[in-house]
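The values are calculated or read from the model by the stated rules, or taken from the named source; none is laboratory data. These figures come from a predicted structure and were not determined experimentally. As a convention, Cβ positions derive from the backbone with ideal geometry for all residues, glycine included, and neighbour counts pool all protein chains shown.
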Amino acid sequence: MEKQNRGITGKAVNQSGMVLFLASVFAVLASSTVATWAQTVRIEHSTLEFRTSPIVDLHMMLRSRDTDGKIEDVDSARLPDLGAALAAFGELQEVLGGERGWLMFEGNFDGCDSARQLLERFEGLPESARGQPLRENALNYAQALAGIEPEFLNGPWKKRKTRLNERLIELEELLDPHIENCIRFINRSLNITDPLVSIPVYITIDGPAPGASTSATVDDRGVCFVALSTAEGTQFVEAVLHEAIHALDIATRQQSHALNSLRTRLVESGIKRTDKRWRDTWHTIMFLQAGATVRKFISTEHRDYGEAHDYYSRVSRIVEIERPVWRAWLNGSLTIDAAIERIVTEISSDEFSFLVVKFLHHRDGPGWKQQFRKNRALHFPHAY
Ligand SMILES: [Zn+2]
């Protein structure tokens, strides 16, 4: 594995429901040296491990194909078995239940650099999931990747690796000196007790929009994937920290930290977990917190990813409610309990505004549907 260890501290969250169930069905307990390393090496604070892996990059390349199966910047003629790989990819995706299913499955890629390692990993998968032949299809996919791996390594990977290394150097300059402070601040702000985890962060060229995601393994480790296509500069750094928050969240399911308290209080106030507002409410906190962290330690000029990349406008009412409250908590003029209560009260008592927003979108016809699809794209990149 082309792995680069960097110091970073982290924390984690927790979640429930169908996603967790599926995660436990699809994820195979990693028996890799990475897991062993994480378990046996004593660390003083959570860390991020930046990695690149040809097989992960190849997989993400297939995931980012367009509807015709075309892949940007890749000369299909140089990868003669690409069609077979895409077919196997499609069959596995169907077994996983569609695009979203990958998010519950990709934790299995952790620690793999080659198709051979992937084959070994997939041998350990359950034979079936939801009545579908999971292991067989996963092995077929790994076999198909093995078919294009040599051409990929001798062709596209060379340039891709150079681009990835350039971004890793940039990350090192921007984030490395501040990583411990960033994670400490995130933990403190979200009331998380450091789970002392080492979080793998795979940097890839491509990734399905918006480009970053975090998946869980069955042993409750978050594995982050952040594509170069996600963002640039400090917004890329924010995306990395955002995914790190997801991984910390996964590692601290049992803690009563701010995200879990918020989730519970929202349900108690009548907002069901199936209500889009439920997820958007705690997920937007992750955006606000990651943005504030970059501004505090890396660049005072930093503009939130949510602003620059059109996320906040899609959850505008939630941002309007949460931003001043979260700012007040971070600057010490509000306690975390008071901040959570204020958010829950305003979100749950503001049904009318949410209905008006929904109506206005709906009135715009197809625009609303497009908006909804965009929301789904943002909603689903994370398994948690
Ligand atoms: Zn997220």
Of everything in the stretch 148-178 that's over 21 Å from residue 118 (Cα atoms) and of a type in the set (S, T, N, Q), which residue is surrounded by the fewest Cβ atoms within 10 Å (Cβ to Cβ)?
162
Given the conditions (1) within 14 Å of the ligand (Cβ to nearest atom); (2) at pLDDT 95 or above, and given that residue 257 satisfies all but one, which numbered condition is not satisfied?
(1)
Find the residue count for the stretch 178-207, including only residues that are touching a Ser or Thr at 6+ places or on another chain (Cβ under 8 Å), within 22 Å of residue 122 (Cα to Cα) and within 16 Å of the ligand (Cβ to nearest atom).
3
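Does the stretch 153-167 contain any residue that is farther than 20 Å from residue 290 by Cα, away from the ligand (no atom under 16 Å from the Cβ), without any contact (Cβ under 8 Å) to a residue 12 or more places away in the chain and among the basic types (Lys, Arg)? Explain how you work it out, then say what you get.
The first filter runs over the stretch 153-167 and keeps only residues farther than 20 Å from residue 290 by Cα, leaving 153-166.
Within this subset, residues satisfying the condition of being away from the ligand (no atom under 16 Å from the Cβ) are 153-166.
Retained after the next criterion (residues that are without any contact (Cβ under 8 Å) to a residue 12 or more places away in the chain): 154, 158-159, 162, 166.
Then keep just the ones that are among the basic types (Lys, Arg); that gives 158-159.
Yes: the stretch 153-167 contains one or more residues that are farther than 20 Å from residue 290 by Cα, away from the ligand (no atom under 16 Å from the Cβ), without any contact (Cβ under 8 Å) to a residue 12 or more places away in the chain and among the basic types (Lys, Arg).
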Tell me whether the stretch 290-298 contains one or more residues that are within 15 Å of the ligand (Cβ to nearest atom) and over 24 Å from residue 196 (Cα atoms).
no
Among the residues of the stretch 200-221, are any among the charged types (D, E, K, R), on the phi > 0 side of the Ramachandran plot and modelled with pLDDT under 95?
yes
Search result, residues across the stretch 276-288 that are touching a residue at least 40 places away in the same chain (Cβ under 8 Å) and either of a type in the set (A, V, I, L, M) or more than 11 Å from the ligand (Cβ to nearest atom) (or both)
276, 277, 281, 285, 286
If you check residue 166 against the conditions, is it modelled with pLDDT of 95 or more, under 14 Å from the mean Cα position of the chain (by Cα) and not in a loop (DSSP other than H, G, I, E, B)?
no
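Yes/no per residue for (1) surrounded by fewer than 15 Cβ atoms within 10 Å (Cβ to Cβ); (2) within 30 Å of residue 218 (Cα to Cα); (3) modelled with pLDDT under 50:
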site: 322; (1), (2), (3): no, no, no
site: 337; (1), (2), (3): yes, no, no
site: 342; (1), (2), (3): no, no, no
site: 364; (1), (2), (3): yes, no, yes
site: 368; (1), (2), (3): no, no, yes
Among the residues that make up the stretch 151-174, is at least one of them over 18 Å from residue 249 (Cβ atoms) and in contact with a Phe, Trp or Tyr (Cβ under 7 Å, 6 or more places away or on another chain)?
yes
